[in-house]
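A short write-up of the structure that comes next.
Please treat every number below as a calculation from the coordinates, not as lab data. Quantities reported herein were computed from a predicted structural model and do not represent experimental measurements. Ideal geometry is used to build each Cβ from the backbone, glycine not excepted, and the neighbour counts take in all protein chains shown.
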Amino acid sequence: MEQRKNRIAVGGLRKANPTHLTVLVEDVLRTPLMQLDPRTFADLLALSEIPNQIPTQLARQLSAFRDRMMREVGDLPDGPPLAEFLRDLSGVAPHAQPECLRTGIRGICADCKHEDVVPAFEALERHWGTEEPIEIELPKAPPPAPKRAAAPVKPRRASSSSARAEPRIEILEPSDAKPRRRPPTRGTPDSRREDWMREDVLSRLNNYGTRGLKQQIIVAGTRHRAPWDDLSEGEVLAVLRKMKREGRVRFSAGRWMINK
């Protein structure tokens, strides 16, 4: 099936903190079943099982997403389309396939009799039997940094007209002292960081075609997957604008997309 070639995948869903997770899944939750990567499909259904770990609004969205996905699976014909979907699920690690997914698929396939669907479902059942699903434990959002207390102000000593001014003492560094090194300027990506960001941006935008991705989504996702902890929003935006000037990508209505 041609529509299954370029499916949307989002990595790191099981490791993102709840605040970041809301940004990562914003567009994905509107994606049709047959355009979703099966691993991302399983991750999103697993997240729908832990409403106590995520914001209330996101929990509602994931619950609605799960119901819609099960309806779309149920709408697949009892034949090659459903059999292919089941074989795709057999390629996902069994521990990553939550109980709600297994229960839903079993209910849908209970009355299926097609010669392709029956063996595909039996193979999936054997696959599930090798491992129990693992519940997701999301990391907690980092607490806000405490505000630094202002240094106490020393009271000035009252001066009298008869008091003599104290001499000012200056400590001079020796002439052969080494000059202090200025800290490297952050925000200017070196070639290695820039190359990585270019590849990450293009690989993501390729999955979304002419729809593209919202700027905040592409920036947050790139920073989340980056192998550097200090990658800033400004660095990602600088690379995006550079790629725009080169004609690789374009920006319209708050979204970035491949310039084809």
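One table, with the values for the structure above:
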item: Hydrodynamic radius (Kirkwood) for segment 1-97, which is based on Cα pairs only, to one decimal in Å; result: 14.0 Å
item: Pairs from 214/244; 214/260; 15/260 whose Cα-Cα separation, in the structure shown, is over 27 Å; result: 15/260
item: Euclidean distance between Cα centres, segment 10-39 to segment 79-138, Å; result: 20 Å
item: Highest average packing first - 128-135, 47-54, Cβ atoms within 10 Å; result: 47-54, 128-135
item: Length added when fully stretched, residue 123-residue 34, from 0.36 nm per residue minus Cα-Cα; result: 30.0 nm
item: Gain upon complete extension [residue 50, residue 214; 0.36 nm per residue less C-alpha separation]; result: 56.4 nm
item: Two-site FRET efficiency, residue 115 against residue 95, from Cβ-Cβ distance with R₀ of 25 Å, rounded to 0.05; result: 0.25
item: Protection-proxy order for peptides 80-87, 23-30, 252-259, each taking the mean of Cβ atoms within 10 Å per residue, highest first; result: 80-87, 23-30, 252-259
item: Cβ-Cβ FRET estimate between residue 131 and residue 225, R0 fixed at 22 Å, reported to 0.05; result: 0.25
item: Residue-count net charge about residue 64 - beta-carbon cut-off 13 Å; Lys, Arg +1, Asp, Glu -1; result: +3
item: Distance in nm between pseudo-label sites at residue 248 and residue 206 (7 Å out along the Cβ direction from Cα); result: 1.3 nm
item: Dipole of segment 2-128 [Lys/Arg +1, Asp/Glu -1 at C-beta], most positive-end residue of 6, 40, 127; result: 40
